[in-house]
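What follows is a single structure, written as structure tokens, with notes after it.
The values are calculated or read from the model by the stated rules, or taken from the named source; none is laboratory data. None of the values given here were measured: they were computed from a predicted structure. Every residue, glycine as well, gets a Cβ built from its backbone with ideal geometry; the counts of neighbours run over all protein chains shown.
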Amino acid sequence: MDNKYDSRKGDIFMKAVQVTGYGDVDKLKIVDIPIPEPKEKEVLVKVKACAINNTEIWMREGAYGTGSKSGWRPEGVQFPRIPGSDITGEIVKVGAQVDEAMVGKSVVLFPFTSSGEEGSEHISEDMSFIGSEYDGGYAEYVVWPADLCFDMPLADYSESAVFFCKRVNRLAYGTTTAGSTWRNGYGNGGKWWRRILKCTDCLSSVWC
């Protein structure tokens, strides 16, 4: 199947891995589904790398809980869901309100949306995670808000995909008190990551 993206052709199918329910690896299914269309303020990203994060494994296994306890929103994870939160790729299409100059940029995706204030995003009631509340990076393409796509911190797609989880989360955990939950750590990590991605001079202080 030729799944190279060409906006002139309309719907083209892509390969993706979906989690179909709680359980072992037999709940992972390779599917052909339409390439998603970016909304007005979104971009379409051709996935170049997606790190395997323990959180998507635990989500599938039900380690966080099932039903309403499984996700970040009250309704829980809705299946089927494409997992994958640590994503890098190339922007190939933009929504109507996004600058066309973003097409062709190599980016890393900030992994959640929230209306919470900086540093408190993780406790906002509408916090939603890619790969949990949104379809994620275990696919050839993914859509995501343009303002949550940042220049890659490193030249390599794979290294940039693991940058957040492997390095910046150390800062997140370092800023929490003993006994703080992973979610609290991630909130602080989100604040630090945004600052780091906007300030390349900061990179040397965490990449060691």
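So Ile91 ticks every box in (1) of a type in the set (Val, Ile, Thr); (2) farther than 21 Å from Asp151 by Cα; (3) outside any loop (DSSP other than H, G, I, E, B) but one. Which box is left unticked?
Result: Ile91 passes all but (2).
When only residues in the range 41-88 that are of a type outside the set (S, T, N, Q), touching a helix residue (DSSP H, G or I) at 6+ places or on another chain (Cβ under 7 Å) and part of a loop (DSSP other than H, G, I, E, B) count, which is nearest to Cys149 (Cα to Cα)?
Lys41
Which one of these does Arg81 not meet: (1) touching an Asp or Glu at 6+ places or on another chain (Cβ under 9 Å); (2) more than 15 Å from Val17 (Cβ to Cβ)?
Only one criterion in (1) touching an Asp or Glu at 6+ places or on another chain (Cβ under 9 Å); (2) more than 15 Å from Val17 (Cβ to Cβ) is unmet by Arg81, namely (2).
Counting only residues that are surrounded by fewer than 21 Cβ atoms within 10 Å (Cβ to Cβ), of a type in the set (D, E, K, R) and in a loop (DSSP other than H, G, I, E, B), which one in the range 99-143 is modelled with the lowest pLDDT?
In this case the residue turns out to be Glu118.
Hey, Pro38 hits all of (1) in contact with a strand residue (DSSP E or B) (Cβ under 6 Å, 6 or more places away or on another chain); (2) not in a loop (DSSP other than H, G, I, E, B) but one; which does it fall short on?
(2)
For a quick check of your reading of the model, give me the residue pairs whose first member lies in the range 70-99 and is over 22 Å from Pro153 (Cβ atoms), whose second is at pLDDT below 95 and of a type in the set (Phe, Trp, Tyr), with beta-carbon atoms closer than 6 Å and at least 6 apart or on different chains.
Pairs found: Ser70/Tyr64; Trp72/Phe129.
Here is a list of conditions, (1) modelled with pLDDT under 90; (2) more than 15 Å from the chain's Cα centre (by Cα), and Ile33 meets all of them except one; can you say which number that is?
Here Ile33 clears every test but (1).
I'd like the residue in the range 31-66 that is among the hydrophobic types (A, V, I, L, M, F, W, C), out of contact with any Ser or Thr (no Cβ under 7 Å at 6 or more places or on another chain) and closer than 19 Å to Thr88 by Cα and, out of all such residues, is surrounded by the fewest Cβ atoms within 10 Å (Cβ to Cβ).
Ranking the qualifying residues of the range 31-66, first place goes to Ile52.
For Asp86, are the conditions met, namely being out of contact with any Ser or Thr (no Cβ under 7 Å at 6 or more places or on another chain), at pLDDT below 95 and buried (at least 22 other Cβ atoms within 10 Å of the Cβ)?
Criteria met by Asp86.
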